[in-house]
Structure formats: C-alpha cells, structure tokens
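Throughout, read-outs are computed from the coordinates displayed, never taken from laboratory work. Only a predicted model underlies this, so the values are computations on that prediction, with no experimental measurement involved. Note that each Cβ is placed from the backbone with ideal geometry, even for glycine, and that neighbours are counted across all protein chains shown.
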Amino acid sequence: MINEESFQSETNAAAKPRVALIAGPTASGKSDLAVKLALHTIAQGCEAVVINADSAQVYADLRVLSARPSDDEMQGVPHVLFGAWDGAEACSAADWATAAKREIASAHASNALPILVGGTGLYINTLLRGIAPVPEIASDIREVVRALPVAEAYAALQAEDPDRATLLAPADSQRITRALEVVRSTGSPLAYWQQQRSGGIGEVIDLSPVILMPERSWLYHRCDLRFELMWEAGAINEVAALLARNLPDSQPVVRAIGVPEIAAHLRGAFTREQAITAGQQATRNYAKRQYTWLRNQNPGDWPRVEYENSIDSAHIASLLRI
C-alpha cells in the first residue's frame with residue numbers, strides 16, 4: 001500500500017516530487033487541456049501521466065455519460081483510473097485516494113509528471129489532506145437517512161449539525177445525507193472527524209494546482225450541448241445495460257448525473273425531450289455545485305483561471321510550471 005511515509009522517504013535526499021492538478025467543473029475542458037499539457041511536458045523531455053479525479057469517470061459502465069476520454073482523445077498519453085471500477089463496486093474517496101497515491105508513486109518512479117484532472121472535490125481533498133476516521137455508519141441509521149427527501153434531510157441537518165448545514169446547498173443531497181448520517185450514527189459532527197485527518201500527501205509533494213473557472217453562461221451552454229450529444233452517442237444503450245445489471249439504487253453509478261433521467265425515459269415516465277431537458281438541468285446543477293466548491297473550498301493561493309470560449313493552454317502551462 002502506498003502511504004504518506006513512502007512519499008516522505010522520497011523527499012529525504014531530494015526535492016519534493018511534483019504533481020500537477022487541473023480542477024474544474026464538468027464540461028469546462030479539463031480533459032482536453034490535460035492532454036495538451038501532457039504532450040507539452042513530453043515535448044520538453046519529461047514523460048507525463050494523466051490521473052483521473054472524477055467520481056463518474058472511474059466507472060467502466062459510464063463511458064458516454066461521464067464523458068470519459070476516448071483513445072483518440074488521449075492522443076497516446078497514458079491515462080489511469082479511467083473506467084477502473086466496475087459499477088457494482090462503489091469507489092469511495094478513500095478507495096480512490098489509495099489508488100491515486102499508487103499511480104502517483106508509479107509515475108514518479110518512472111520520472112513522469114502525474115497530472116491529476118477532475119472536479120470531484122471530495123476525492124482531491126481526501127488525497128491531499130487525508131482521510132477522516134469516521135466510524136462505520138450504523139446500517140439502520142443509514143437506511144433511514146437515505147430514505148429522507150432532500151428537503152427533510154436538510155432541515156434535520158440544520159437542527160442536528162447547523163454548522164455543516166450552512167456550508168451546504170439545500171439541494172446537495174449527497175453531502176447532506178453524509179453529514180446527517182455521521183452525526184446521527186457517531187454523535188459527533190463531520191467537522192469533528194475531519195479535524196483528525198491522516199494519510200494526506202499534500203505536505204510531502206510539490207503541488208502545482210490550477211482551478212478552471214469558466215464564464216457561467218458559456219459553461220451551462222456547454223453542459224446542455226454535451227448532454228444532447230451524449231444522448232446521440234449511445235447514452236440510452238449505456239443506461240439500459242446498466243439497469244439490466246439490477247444494481248442497488250444506493251450504488252453511486254446508478255445515481256450518476258444523467259442515469260436517473262434516462263432511466264425515467266426507458267421506463268416511459270419521460271419523453272425524449274423531457275429526459276434531455278431533465279438531464280441538462282441536472283448537469284447544470286452539478287456544475288454549479290462544483291463551481292461553488294472550487295471557488296470557496298480550496299486554498300486562496302491556488303490560481304483561479306477565468307475564461308470564455310477557449311483556454312489559454314500556454315498560460316496554464318506557465319502556472320503549472322510545465
């Protein structure tokens with residue numbers, strides 16, 4: 001298992017090993033940018049590896065709906081942790097962080113630059129800051145909390161962990177559910193456990209981060225267009241194949257953006273137009289949550305790059321010191 005100590009030993013006789021990070025909301029152009037920067041790095045005489053940090057792109061079942069890069073789009077650049085989990089196995093932040101540490105260490109051993117790319121804040125936070133030692137949630141509490149409508153869960157969280165509730169959007173069902181089940185099961189709020197994090201690598205690597213902050217109307221237009229293109233590219237068949245596996249509704253892959261909306265269409269509850277509209281709205285809502293988290297929940301000295309229509313990859317390369 002790759003842990004903080006293995007990274008620390010690497011720094012004893014040399015500078016801290018470098019890791020680049022490209023974070024941004026969905027549809028912001030992260031994947032294409034990562035490939036461009038990897039190719040630029042390779043042209044400078046150093047190998048590069050793109051490491052996925054997106055919680056949907058980890059699942060093999062969601063090639064289309066997660067916008068996972070195709071072989072052509074990868075342009076020969078090594079990509080890891082894309083489609084690495086079967087949908088029947090939930091990939092927690094801790095699971096991903098363990099795998100990411102392993103891939104980062106492997107890249108460094110090969111004198112390659114690891115380029116993390118994704119918008120899943122919990123994944124990135126866990127990798128850099130470590131894992132909060134939250135005890136296992138009692139199954140009866142988990143079942144009750146996850147059955148609550150999001151409005152009721154948020155109201156309960158406001159009463160039981162008001163500090164956490166103020167940090168979350170009322171519609172952020174996943175984080176609301178997690179915070180509520182933690183305080184009910186352990187008797188302590190999530191913040192208490194997060195103060196005891198361990199295993200993060202943020203202090204033992206030389207991190208070069210950049211946060212993409214595209215103009216919102218441009219981003220939302222891209223979200224709408226991309227979902228419609230996904231529909232045409234086989235998203236319906238992808239969801240049909242996923243549903244045929246009869247996985248529990250609690251599995252993250254079943255709750256991924258676009259899956260419930262297309263599933264409703266397959267059941268006859270939505271027309272094609274209704275499903276596309278609902279999927280587009282869900283994507284925009286997700287992008288908005290990511291945008292807010294990326295702006296407010298990362299260190300203030302991390303560069304934020306605002307843009308519209310196109311990304312200045314040369315500027316990003318300079319920020320990442322590539």
Length gained if GLN174 through ARG321 is fully extended, taking 0.36 nm per residue and subtracting the Cα-Cα distance, is 49.4 nm
Which far-off residues, 5 or more places away or on another chain, put their amide H under 5 Å from the one on LEU113, with H placed in the peptide plane?
GLU47, ALA48, VAL49
Here the net charge surrounding GLU136, from other residues whose Cβ is less than 12 Å away from its Cβ (Lys, Arg +1; Asp, Glu -1), is 0
Ranking PRO170, GLN194, VAL150 by how far each Cα lies towards the positive end of the charge dipole of segment 139-194 (+1 on Lys and Arg Cβ, -1 on Asp and Glu Cβ), the top one is GLN194
Taking the Cβ of GLY83 as the center, what net charge do the other residues with Cβ under 13 Å away carry, scoring Lys and Arg +1 and Asp and Glu -1?
-4
Using DSSP to call loops (not H, G, I, E or B), can you name the GluC sites (Glu not before Pro) in segment 59-131 whose Cβ has at most 16 other Cβ atoms within 10 angstrom?
GLU89
For segment 288-293, what does the Karplus curve 6.51 cos²θ - 1.76 cosθ + 1.60, with θ = phi - 60°, yield as ³J(HN,Hα) per residue in whole Hz, taken in order and with x for Gly and Pro?
5, 5, 4, 4, 5, 5
Kindly write out, for segment 31-42 in residue order, the coupling ³J(HN,Hα) from the Karplus curve 6.51 cos²θ - 1.76 cosθ + 1.60 (θ = phi - 60°), rounded to whole Hz, with x marking Gly and Pro.
5, 5, 5, 4, 5, 4, 6, 5, 5, 5, 4, 5
Where trypsin sites (Lys or Arg not before Pro) fall in DSSP loop in segment 220-322, at most 12 other Cβ within 10 Å
ARG267, ARG321
For segment 261-322, listing GluC sites (Glu not before Pro) in a DSSP loop whose Cβ sees at most 11 other Cβ atoms within 10 Å gives GLU308
Can you tell me the length gained on complete extension of the stretch ASN237 to LEU225, counting 0.36 nm per residue apart and subtracting the Cα distance?
2.4 nm
Convert 4 °C to kelvin, take the viscosity as 1.567 mPa s, use the Kirkwood radius over C-alpha pairs of the chain as Rh, and evaluate the Stokes-Einstein diffusion coefficient in µm²/s, rounded to a whole number.
63 µm²/s
Segment 139-194: projected area of the alpha-carbon convex hull, averaged over directions, in nm²
3.3 nm²
Provide the percentage of antiparallel DSSP beta bridges, counting only those with both residues in the chain; round to the nearest 5.
10 percent
For every other residue with a beta carbon closer than 15 angstrom to the beta carbon of ILE311, add +1 if it is Lys or Arg and -1 if Asp or Glu, then tell me the sum.
-1
On each of the three principal axes the extent of the alpha-carbon atoms of segment 234-307, given in whole Å and largest first, is 48, 27, 18
Determine ³J(HN,Hα), in whole Hz, for all residues of segment 242-254 in sequence, where each value follows from phi through the Karplus function 6.51 cos²θ - 1.76 cosθ + 1.60 and θ = phi - 60°; x replaces Gly and Pro.
5, 5, 5, 7, 6, 6, x, 4, 6, 5, x, 5, 6
What number, rounded to the nearest 500 deg cm²/dmol, is the helix-based mean residue ellipticity at 222 nm of the chain, given -39500 (n - 2.57) per DSSP H run of at least four residues and division by all its residues?
-15000 deg cm²/dmol
Among VAL204, HIS108, ALA244 - extreme Cα towards positive end, dipole of the chain, charges at beta-carbon
VAL204
Taking 2.2 N^0.38 Å as the expected size of a compact globular protein, what ratio does the Cα radius of gyration of segment 174-224 give against it, to two decimals?
1.80
